[in-house]
1. When you go through (1) more than 14 Å from chain A (Cβ to nearest Cβ); (2) buried (at least 23 other Cβ atoms within 10 Å of the Cβ); (3) at pLDDT 85 or above one by one for B:L31, which number turns out not to apply?
2. Taking into account only those residues within the stretch B:264-312 that are farther than 17 Å from B:L65 by Cβ, among the charged types (D, E, K, R) and away from chain A (no Cβ under 14 Å), which is nearest to the chain's Cα centre (by Cα)?
3. What helices (runs of 4 or more DSSP H), lying completely within the stretch C:94-174, carry at least 3 residues that are away from chain B (no Cβ under 14 Å)?
4. Does C:A221 fit the bill of being buried (at least 24 other Cβ atoms within 10 Å of the Cβ) and without any contact (Cβ under 8 Å) to a residue 24 or more places away in the chain?
5. Taking the stretch C:34-58 as the search range and keeping residues that are among the aliphatic types (A, V, I, L, M) and surrounded by fewer than 16 Cβ atoms within 10 Å (Cβ to Cβ), which one is modelled with the lowest pLDDT?
6. Scan the stretch B:211-244 for residues that are of a type outside the set (G, A, S), buried (at least 17 other Cβ atoms within 10 Å of the Cβ) and more than 8 Å from every other protein chain (Cβ to nearest Cβ) and report the count.
7. With (1) within 14 Å of another protein chain (Cβ to nearest Cβ); (2) modelled with pLDDT under 75 as the list, and A:A63 as the residue in question, which single condition is left unmet?
8. Looking at the stretch C:263-272 only, could you name the residues that are at pLDDT 85 or above and either outside any helix (DSSP H, G or I) or facing another protein chain (nearest Cβ under 10 Å) (or both)?
Amino acid sequence: MKNIHKNFTGVKALQAVDFSLREGEIHALMGENGAGKSTLIKVLTGVYEKDEGEIFLKGNDKAVAIHSPQDAQNLGISTVYQEITLCPNLSVAENMFIGRTKGRMQNWKKMNADADRILQSLDIPAKATQQLANCSIAIQQMVAIARAVDMDCKVLILDEPTSSLDDKEVQKLFGLMKDLRARGVGIIFVTHFLDQVYEVCDRITVLRDGKLVGEYEIEKLPRVQLVAKMLGKELDDEAQIKDETQVYHADENVPPVFEVEQLQSNAGIKPFDFYIRKGEVNGFTGLLGSGRSECVRAIFGADRIIGGKIKKNGKEIKITKPIDAMKNGIAYLPEDRKVDGIVGDLSVRDNIILAAQVLRGFFRPFSKAQANKFADEYIKLLEIKTASADTPIKSLSGGNQQKVILARWLLTHPEYLILDEPTRGIDIGTKIEIQKLVLKLASEGMSVTFISSETDEMLRTCSRLIVMRDRRKVGEISGEDLTQSKIMDTIAGGEKKNG
Amino acid sequence: MAKTRTLQKKNFMDIFSGKQILIPIVALVLLAVFNLIADPSFYKITLDVNSAGNHVLSGYLITILDYGSELAILAIGMTLVTAASGGQDISVGAGIAIAGSVILRVLCGTNSRPDHLQAPIIVAFLVSCVVAMLFGAFNGILVAGFKIQPMVATLILYTAGRSIAAWINNNELPVISDPSFGYFGGFIPGIPIPTPFFIAVACMIVMGLVMKFTSLGLYTQAVGINESSSRLNGLNPAFIKFLSFVILGLCVAVAALIKVSRISTINYSVIAKDIEMDAILAVALGGNSLSGGKFNLPASILGAYVIQFLTTTLYKFNVKSEAISAYKAIVVIILVVISAPVVREKFASFSQKMKVRNAKEVG
Amino acid sequence: MKSKSLKKVSLSDANLLLTITIVVFFLMYIGAMIFEGGGFLKPQTFFNILNANGALIITACGLSLVMITGSIDISVGGVVALVSMCCAVYLDFKGGNVFVSLLIALAIGLGFGLVQGFLVAYLDIQPFIVTLAGMFFARGMTSIVHTDPFNVQNEAFVKLKDTRVIVPGMGSVNRIGKYVNAYVEIGVIVAILIVVIMFVMLRWTKLGRSFYAVGGNRQSALMLGINVKKTRFLAHLLSGLLAGIAGYVYFLHVGSGAATHASGMEMNAIASSIIGGTLLTGGVGNIIGTFFGVLSLSTIQNIVSSAGLDQAWWTGITIAAMLCLFLVIQSVVLARKKRK
């Protein structure tokens, strides 16, 4: 790809970006949110049309034209996106073959047999005739990959395929990627996980603000350098963050603000106990699907509670709906920003005041001036990058959207803030800002529960960790025990017993 | 660099946010200019004496203000329903038949042609409000409680409504002879402006106050855009949707009062026929997305008057009432095609190319 | 999590809805046989239901198709009226032949399908608005073509209209004691043919599956390499064409043209599709279900009128009640499934 330009209404998403992919390599495409990774990929796959520039394939002098996803597919470019882009109402086999074969009629028997063969060879536990909606998210992701793999592709694009997979599944995926590399397939790998980049990739291309920063061999670009290139500023070491931020240990003698006894919700978690002190930062950890989100959702009343008690300052409170929790000073930043967090078409301002407005009541709306004041205050405080407070939130980058949601909850002045994966899918710079903010809030007396898939992030912020496994609380780690290996042991505990 | 970019963006956004109300305004201007060229007498307003002996204003513009009122009132409720539920209520015409039937039933009692009103008009109106809101609540429960798509849920009342209306009055056609009942759809003695217009304005003011002194606007939009997120922010999406249908029910009752007052009787199968389509068109013409979310009430109301403007224009050119819908359809298609984002984008890029070409030629 | 699963309605759910529809239909019909007796025991009563609803079956098929792709077409009733009016005028005043009149019908249907499909798929205008305008246009044009209703006298046409197809092995004894074979009209044959073709197309061809894919998740379908615009366009085109055919079938049945013909047919077609288990949100639906939806709808109308409740309002109220019942059943079934 040479000299690619892409303009969106008023915004230059890509400016003169060159990109090259060799046969049989895994090439990492890195950059912060809004750097232009997704745009570049979408140009390559025909979802967007480029405004300028040319795309060449396999030494041909003539540039190829890619106007639609079909064109890209015909050229042997297949893509697996972060969000699953399959049709849940069709069968697994149909999802693997639709839009690919020629001819009007379909040989259904052959198709199902082929699909089963491929699924088996890739070790994917799904049946061809099964409806996709009945499969778990991870399996759906694997089916998407199976589809791409089977297409005899020359270029395979993986856009953050690992964010919904657990470690074992990630390893399986990596095995598959290496296998394909050996067969001469060029793979573009987009991810936020640095470890994964260094584990499988051969070369790295870094983008920033829609511009090309550079293309590097993996051995020649140490981790610290990569982060620096992505952020566009020299950062000494990732470890420095840890030194800067001191985990704030709450006084052991302070009684808990919130206590939970044998709480159980209809989301399928086993009853659990939990408490948090004033000014404490603790966290839930565990593998994906272990029930960490479900626990905090239960505390917030987001799922229907079917048993147990919640106490505030020792007195029992009743929480059946989110509004009850909010009235008791609990705030919850949900895991899925797009589905549960932002109200896409509304302005940044309305998104910020929403929760506070609901708390204030239907008949007492904020005046325009008040709303503007709050919005400006928090845009400044959290350094939200937005054209104005009137901009619809959906046009902001992921990290800034997350900051708006954070602003929304801070505006309600909660006593207890629950952050469920606040740093997922956002760039490193914002991640660090959010971590710092959490510690600052805690030092001012707010209780915070922090959930993250990245253990080192948890170690940096939390003074106590609750470990979940199979929708059950299996342990609590604090103080000296709070190390990477101890956490891993506890998470994996069940498997050892079985083995 | 960064500064100029934000500046650019801001200008761009300004145009964007001001855009929505432009759609009905442009349509209105187009129609107005067309009439001005075709026949300027369209704009003549005279002071006549009507059959009741009152001095009243008459003219096409007055007709538009008069007959556009029901539509404007319905457009208010329809906009809210559309925004909150992402669907439309197609039972408003049937609802008007029911509410109108209730008003007549209360006013006439058991006698279908009473010499005197059997109950004060205000009582009849309030009863019809309650009934219309109940039917609105029925739709609301189906949509919010049972999660049925609005168009489908209201299809029930659309099918049954006119039958229910006929059943309320035993299929008789009560006629009100009391002249005071005719005031609501006609003129109040001494005031030369048609009453429906005042009623519509009153509704707009009430709605404006509600918007100002409650968070209805914010809540409705939040629920319409992202239900799941609204719930986690402490809102009750089901209730907001339900509420929007009840409010529409109220609008239906007001529109029904005007409709039955115009003719002092009712025709179950004809009253407010196809008005739901016009009301939905008004919402769409106001530039509101029919799939819910952000809304602009003034734009919808203006849209309603634009539709009435169009209808009146067509009548003036002696188009048969049955054929009017064909012309309306053509105008609607032209409007939506012009305002379609795809078309506008194409047009914009085309004009940009032309500019570039011109610049090159100059250079 | 919850909102995600809301959108995913599995095939087994669709099958369940289909089963409910078919079972309810048979229960209703058997109930009518037992309690109403008389007419319902005669096979001809059943075939008369078909005879009267050939056009509705065809339009409902078209509607199911657009609904499966997540769109809607409310112009079909208007198109049916316009087709029968145009054909009637052509046959009567111009003395034209039957074959050309059929071509006229197809051309009108295709024309509506083309324009509406283009506007919806390629200009991305909301289908409700486009087809609403289509409905207005068709209705308006009908009365522009000819204002008053009239019967067609064209001989060739009347012959075709009165053609009866005997259903072998079925029949009943009439009032004078003579055995009369049960029959259906040509329109019913056409309708059943279309049901079969549509069923096969939706179930087994790639085009059919892409309709489901587009309705299930448009974005995903695009990423899977399906030409979404073309698919949506084709859905509307087919619906228009089917409306044209339905118009002719309707015309064959009534043999007249009138501006008020087929009024409310679009709503009946939508109702039939819904009763048959098609979801307006798209991605779920079944033509066999739609067929039974039409049968259920018209059977209940027949039951109501033969029960002596022939005052006009009862039909409306019972259909609405039935629709309400089905919607609530569907909603409850789907909600319960989700909870599991």
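The values are calculated or read from the model by the stated rules, or taken from the named source; none is laboratory data. Remember, it's a predicted structure, so these values are computed and weren't measured experimentally. Don't worry about glycine lacking a Cβ; one is built from the backbone with ideal geometry, like all the others, and counts go over all protein chains shown.
1. B:L31 satisfies all of (1) more than 14 Å from chain A (Cβ to nearest Cβ); (2) buried (at least 23 other Cβ atoms within 10 Å of the Cβ); (3) at pLDDT 85 or above except (2).
2. Among them, the one singled out is B:E276.
3. In the stretch C:94-174, the matching helices (runs of 4 or more DSSP H) lie at C:98-117, C:155-161.
4. Numbers: buried (at least 24 other Cβ atoms within 10 Å of the Cβ): yes; without any contact (Cβ under 8 Å) to a residue 24 or more places away in the chain: yes.
Yes; evaluated as a whole, the condition is true for this residue.
5. C:L41
6. 7
7. A:A63 satisfies every listed condition except (1).
8. Correct list: C:N268, C:I270, C:A271.
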